[in-house]
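This report refers to the structure that appears directly beneath it.
Taken together, the values in this text are just the output of simple stated rules run on the coordinates, not laboratory data. Please read these numbers as outputs of a predicted model, since none were measured by experiment. FYI the Cβ positions are ideal-geometry reconstructions off the backbone, even for glycines, and counts take in every protein chain you see.
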């Protein structure tokens, strides 16, 4: 398996909802990432997990809460989001300090 | 922190011609420079990368050159094909994939 799999592919949620994005990889990569990408913009780093521990948090609001249950899974819990949080959320993984492999993303719309 | 600038923002070329996209970076400690291709509605995909101990790297029709002194690196695509049409992002990092700083992207259109 040489892919990073993300679910769901699309998500529409209200500002009071709680939802979770899921990411899975079985390439044995020990680093996993969440990126946010707005239309026509580059990906912006949100969080980095190394060996299942949070190593980078790029000053992301607390309404985004990451979780890494094991070396293959990465979740992003969403609560009380704002319309400006609508974006493509990309998960990625890499062998430590090596090439980044992106998932196909979750297109999130906050109403 | 690192600042990566990318030019041009849009580029149109005739099929078969070459395309060149340029990036500059600000942090002399950066040592890893990947290029990603993102087709419309798809994930970014790594197409080539280079480390600071190498000046040039080639993979079929794609090449990357790095000038450490001037702090710039470029993507060269030869014999362009319509399927090369996409947005291309450069990036730079001191720590490999852990903390990439992306350029603003170049929308390449190859005209058949």
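Worth pointing out:
- There is no residue in the stretch A:4-17 that is within 14 Å of another protein chain (Cβ to nearest Cβ), over 22 Å from residue B:43 (Cα atoms) and either in a loop (DSSP other than H, G, I, E, B) or free of Cβ contacts under 8 Å to residues at least 12 places away in the same chain (or both).
- Check on residue B:90, closer than 25 Å to residue A:57 by Cα, in a strand (DSSP E or B) and within 14 Å of chain A (Cβ to nearest Cβ): yes
- For the stretch B:1-82, the strands (runs of 3 or more DSSP E) that sit wholly inside it and include 1 or more residues that are over 30 Å from residue A:5 (Cα atoms) are B:4-7, B:10-14, B:19-25, B:56-59, B:62-67, B:72-77.
- Those residues of the stretch A:56-76 which are touching a strand residue (DSSP E or B) at 6+ places or on another chain (Cβ under 9 Å) and over 17 Å from residue A:25 (Cβ atoms), in sequence order: A:56, A:57, A:58, A:60, A:62, A:63, A:64, A:65
- A single entry from B:75, B:100 fulfils the requirement of being crowded, with 19+ Cβ neighbours inside 10 Å, within 29 Å of residue A:34 (Cβ to Cβ) and more than 14 Å from chain A (Cβ to nearest Cβ): B:75.
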